[in-house]
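Asks: After the structure tokens below, expect a handful of questions from me.
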Amino acid sequence: MDGMIERPAAFADLTGRVAFVTGASSGLGERFARVLASCGAKVAVAARRKDRLDALVAQITAAGGTAFAIALDMGDDAALDQMIRNRSDTVYHPVGTARMGSDADAVCDPQLRVRGVQGLYIADASVMPRLVSGNTNAPAMMIGERCARFITGRDRKTAAA
Ligand SMILES: Cc1cc2nc3c(=O)[nH]c(=O)nc-3n(C[C@H](O)[C@H](O)[C@H](O)COP(=O)(O)OP(=O)(O)OC[C@H]3O[C@@H](n4cnc5c(N)ncnc54)[C@H](O)[C@@H]3O)c2cc1C
């Protein structure tokens, strides 16, 4: 079989995307991996049979695509946990670990005060409720400046809310 299948007309250009395909050592999974590679995606292929995955990766690579193999039994929760711990990364823009908000689950309130802890504020990217659509450095600096105003009382109108 060719390394890649001709890109189906209905499929978008996936250049720059990463696709994770499980059960990729045979059948539909293998075929899907080839299609995604033909659309330009970098394809991570996972299955128990590493030897078959290596052959698939070699074929996709020879045809000009990008793929890499992960030996993984999807029915094995412990192996899945371990794989996620070993491979996942936050890359450049981690946010939201101390989300601000008005709901009970928010770590800090809209004035950046940590709920339930007197006098403690958070002023960094962790308070962003969601990842912003642009880069995070400028918003993080804005959060710092805003928090300084809350703490010094120079933003009394909002801080008093
Ligand atoms: C490789 C890379 C490239 C990036 N490129 C861009 C870019 O081009 N444009 C952009 O807008 N954003 C970029 N970012 C994102 C940007 O750097 C962050 O969004 C921003 O720095 C977040 O600010 P912060 O104050 O939340 O955290 P940080 O800047 O990470 O500051 C946290 C500080 O806390 C300190 N610290 C941690 N733990 C402790 C502790 N226990 N005790 C004392 N101090 C501690 C750390 O040493 C650090 O100084 C990039 C990030 C990375 C990693």
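Asks: If A24 passes every condition in (1) away from the ligand (no atom under 16 Å from the Cβ); (2) under 30 Å from A140 (Cα atoms) but one, which one does it miss?
Replies: That leaves (2) as the condition not met.
Asks: What are the residues in the stretch 120-138 that are of a type in the set (G, A, S), more than 7 Å from the ligand (Cβ to nearest atom) and either in a helix (DSSP H, G or I) or closer than 16 Å to A98 by Cα (or both), if any?
Replies: A123 - this is the single residue of the stretch 120-138 that is of a type in the set (G, A, S), more than 7 Å from the ligand (Cβ to nearest atom) and either in a helix (DSSP H, G or I) or closer than 16 Å to A98 by Cα (or both).
Asks: Given the conditions (1) more than 16 Å from the chain's Cα centre (by Cα); (2) loosely packed, with under 11 Cβ neighbours inside 10 Å, and given that L112 satisfies all but one, which numbered condition is not satisfied?
Replies: Result: L112 passes all but (2).
Asks: Then there is this: Go through (1) within 16 Å of the ligand (Cβ to nearest atom); (2) part of a loop (DSSP other than H, G, I, E, B) and name the single condition D105 misses.
Replies: Single failed check for D105: (1).
Asks: Quick test for you: out of L72, L80, L56, pick the one residue that is modelled with pLDDT of 95 or more, assigned by TED's automatic domain parsing to the domain that holds T22 and closer than 30 Å to S26 by Cβ.
Replies: That would be L56, the only listed residue that is modelled with pLDDT of 95 or more, assigned by TED's automatic domain parsing to the domain that holds T22 and closer than 30 Å to S26 by Cβ.
Asks: Check G40, G65, G29, G23 and return the single one that is over 30 Å from D109 (Cβ atoms) and in contact (Cβ under 8 Å) with a residue 60 or more places away in the chain.
Replies: G65 is the lone residue from the list that is over 30 Å from D109 (Cβ atoms) and in contact (Cβ under 8 Å) with a residue 60 or more places away in the chain.
To keep it simple, each residue is scored yes or no on (1) in contact with a Ser or Thr (Cβ under 6 Å, 6 or more places away or on another chain); (2) free of Cβ contacts under 8 Å to residues at least 40 places away in the same chain; (3) within 16 Å of the ligand (Cβ to nearest atom).
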position: L72; (1), (2), (3): no, no, no
position: A78; (1), (2), (3): no, yes, no
position: N86; (1), (2), (3): no, yes, no
position: L112; (1), (2), (3): no, yes, yes
position: A140; (1), (2), (3): no, yes, yes
position: G153; (1), (2), (3): no, yes, no
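Asks: Keeping to the stretch 1-42, report how many residues are within 14 Å of A71 (Cα to Cα), part of a strand (DSSP E or B) and out of contact with any Phe, Trp or Tyr (no Cβ under 7 Å at 6 or more places or on another chain).
Replies: So the answer is 2.
The values are calculated or read from the model by the stated rules, or taken from the named source; none is laboratory data. These numbers come from a predicted model, not from an experiment. We place every Cβ from the backbone using ideal geometry, glycine too, and count neighbours over all the protein chains shown.
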